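First comes the structure, then the notes that go with it.
The values are calculated or read from the model by the stated rules, or taken from the named source; none is laboratory data. Since the structure is predicted, the reported quantities are computational estimates derived from the model, not experimental observations. With ideal geometry, Cβ positions are generated from the backbone for all residues, glycine too; neighbour counts draw on all protein chains shown. Surface areas here come from the heavy atoms of the whole protein model, side chains and all, with no ligands, DNA or RNA. Shrake-Rupley method; radii C 1.70, N 1.55, O 1.52, S 1.80 Å.
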Amino acid sequence: MTDKEQEIISRHTLLWLLIVNLAVLLPLYDKMTPWSMAICGICLLWRVGIFTGKVARPPRYLVTILAIASATTLALVTSQIGMLNGLVNLLILGYALKYIEMRNRRDVRAVVIVGFFVIAMTFIEKQSLWFTLQLTLVATINLCVLVSLYNSDNKLSNTAKLGGKLMLQSVPLALLLFIVLPRLPPLWLVPKANNAQTGLSDEVSFGDIGKLTRSAALAFRVSFNNQSPTNNQLYWRALVMENYDGKKWTQSEQIKKIEAQNRRGNYRQAPQGTAINYDIISEPSYQHWLFGLDVAYSSANDVINLPDGRLYAISSLDQKYQYSISSYPDAILDKSLSDDNKKRNLLLPENSNPKTTQLALEFKQEYPKARERLNAMMSYFNTSPYYYTLSPPAVGPQQLDDFLFENKAGFCVHYASAFAFMARKTGLPARLVTGYQGGEWNQSAGYMSVYQYMAHAWVEVWLEGQGWVRFDPTAMIAPERIDDGFDAVFNPTQSYLINNPFSSLRLRQYPLLNNLRHSLASIDYYWSKWVLGFDNDKQERLLKQLLGDITPTKIAIFVICAMGVIGLAIGYSVGLLQFTRQQDRVIAGFEQISTMLSKKGLARYTKESPQEYSQRVIKAYPQLQQPLSQFIDCYISLKYKPLDADNQKRLIHQFKHRLTQLRIAILKLNGQTKNV
């Protein structure tokens, strides 16, 4: 074969290229701009035309014009879609244009290498187990393109088997590198994508929390080191709102300034007392705030302990993020309060909600002591005809007056806002806290899932000597919401399932399917905890268990030995190594029969052929003629005749059957011994 012929791309490879193009680009469909998607579609259709012989390869000038037009278009829209998405689209377009420009095998190798790069880039934002398995399949298909270049076998199934085998052989080496390679920080910053922020917001008004109750998305998962708290103790603090303008609650400027500085450090001391220790795996929210039970504290280097009792991540949560927390439920948060802080948490807009103001002043007059006054306010919601609903009526400019005296129906933010307003009006510093309440326990894996629809709002009031104390008016209106969870009050099909027809949470009503849902969720949880959460600390602990004291010499010896074992295993699997102790099973079967006959006085002579040996045995034991003749025929066919894979597989099966029949026949000789 000439060099020119060797560079021709076979139709078998062209078919694999059509398959891999779709496989590589489909996982990135949500990152493509409409223009990128259109150009990729045109390239794919053109390649189908080349494969079927309908069109010729495009001229180079056309590909060049498309490349320049694509780059220009991307430069214009990058500010809208974000730098990362712009670079992703640029790489996708380069992959697609190279795809139709291929002319020889060197171009195919280039497309395969770029394909692996595109696959790796897909992992930037998605690393779930199921997505990893999907991309592993895509990488295998990409590898099959290379196999098809060098393998003369044109059957798709055989190429797929060989590609899969090569991928499996690479798994041990990948595991070794995963364990020993140091977790270095990135050499450069990955540019940000303009992804929509999810979950809670840094301001809240009537209806904001209600919107989250329509979401079945997972917010985070928690695993406790000891016994988990009861549902009514699960108040996951995320944000503290101290400013109120009559319509919405927002964070204080002081806290925003600290967050904007985003400097490592702690703004409060670690609490003292009995701690609840647990780990949280947060889903990507593209926000910085973290979640924790009161009073939460984290020693992680990339977590800031904010003065309002919250936790704040140094980097936004663009990927799953795992962190450890200790919570001190009996600790006092802010035993003393500065004048500025007190003033900020007493501030209310002027001439706001006069009816609510009057009601608050009546409470103050009737209950001069702070604690009795707050308890009376809480009881007011329980003894008056208020309703807890996800669809409260609209309110006017005086929101709280309309809610308390006209509509008398609302969600957690309505009740919390009214309570905080009245507390401030009576001279008690109060603020709104938003986060999540409750969780779904996964018995099979021992962790808790918290979903977006569990979003909640409550109130903290500062009391002398007690610090910030939590009050939740919702518990007075719908105590089962706090004690038993969201589903105890609301119908899922009218809330978080209404816009999620394919949510796995719909399987809760079927016990068997629900157990399966928990099992699958557990697998993904362990993947997140053990693989995605395999940081420097866990790597060091694992290496210490394997090697004892960790030294560069020990690690080098470990890597060399492991790679040696892997190399031997691969060499043996491809036939480069043969071990004498492992004998051909056909020869082993023949020698087993020879040994049995030798015990009957019919040992095989040196240089005696199988046919000569069988004739001598049949002469001595005529009753062995049929099973022995069939066995010898099968043996000779397997040893000396050229066979294809299917015939060899059929004869091996037949040989095992003949061997069994012959052994039984020899055993039935009942101790007869002859020398012939």
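Here are the numbers:
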{"read-out": "Rounded tilt (10° steps) of 83-101 against the dominant C-alpha axis of the chain", "value": "30"}
{"read-out": "Coil-residue chymotrypsin sites (Phe, Trp or Tyr not before Pro) of the stretch 239-292, DSSP, other Cβ within 10 Å capped at 14", "value": "Tyr267"}
{"read-out": "Cβ charges +1 (Lys, Arg) and -1 (Asp, Glu), total dipole of the chain, debye", "value": "3640"}
{"read-out": "Mean-position separation - Cα centroids, the stretch 410-440 and the stretch 66-137, in angstrom", "value": "48"}
{"read-out": "The stretch 640-645 - phi-based ³J(HN,Hα) in whole Hz, Karplus 6.51/-1.76/1.60, Gly and Pro as x", "value": "10, 9, x, 10, 7, 4"}
{"read-out": "Loop sites in the stretch 601-676: trypsin sites (Lys or Arg not before Pro), DSSP, at most 14 other Cβ within 10 Å", "value": "Lys607, Lys668, Lys674"}
{"read-out": "Dipole moment magnitude, nearest 20 debye, the stretch 37-185 about Cα centre, only Lys, Arg, Asp, Glu C-beta charged", "value": "400"}
{"read-out": "Sum of side-chain charges, Asp401 neighbourhood, beta-carbon under 14 Å (Lys, Arg +1; Asp, Glu -1)", "value": "+2"}
{"read-out": "Nearest-ten-degree value, helix 156-180 long axis tilted from longest Cα axis of the chain", "value": "60"}
{"read-out": "Relative contact order computed over the stretch 349-421 (Cα-Cα under 8 Å; 6+ residues apart), in percent", "value": "32"}
{"read-out": "Charge-dipole axis of the chain as Lys and Arg at +1 and Asp and Glu at -1 on Cβ define it, positive-most pick from Asn142, Ser637, Phe421", "value": "Ser637"}
{"read-out": "Correct option for P(r) over Cα pairs in 20 Å bins from 0, in percent [calculated from the coordinates] among (1) 14, 33, 27, 17, 7, 2, 0; (2) 12, 26, 15, 9, 9, 10, 9, 7, 2, 0; (3) 20, 56, 23, 1", "value": "(1)"}
{"read-out": "Apportionment of accessible area to carbon and sulfur, the chain, percent (1.4 Å)", "value": "58"}
{"read-out": "Aspartates and glutamates whose Cα lies under 14 Å from that of Lys529, excluding same-chain neighbours fewer than 8 positions away", "value": "Asp279, Glu283, Asp537"}
{"read-out": "Cross-link table Lys248/Lys320; Lys257/Lys343; Lys256/Lys364; Lys126/Lys554, entries beyond 28 Å C-alpha to C-alpha", "value": "Lys248/Lys320; Lys256/Lys364; Lys126/Lys554"}
{"read-out": "Prolate/oblate/rounded call for the stretch 45-131, Cα gyration tensor, a/c under 1.5 rounded", "value": "oblate"}
{"read-out": "Filtered trypsin sites (Lys or Arg not before Pro), the stretch 11-106: DSSP coil and at most 14 other beta carbons within 10 Å", "value": "Lys54, Arg103"}
{"read-out": "Degrees, to the nearest 10: 129-150 long Cα axis against longest axis of the chain", "value": "40"}
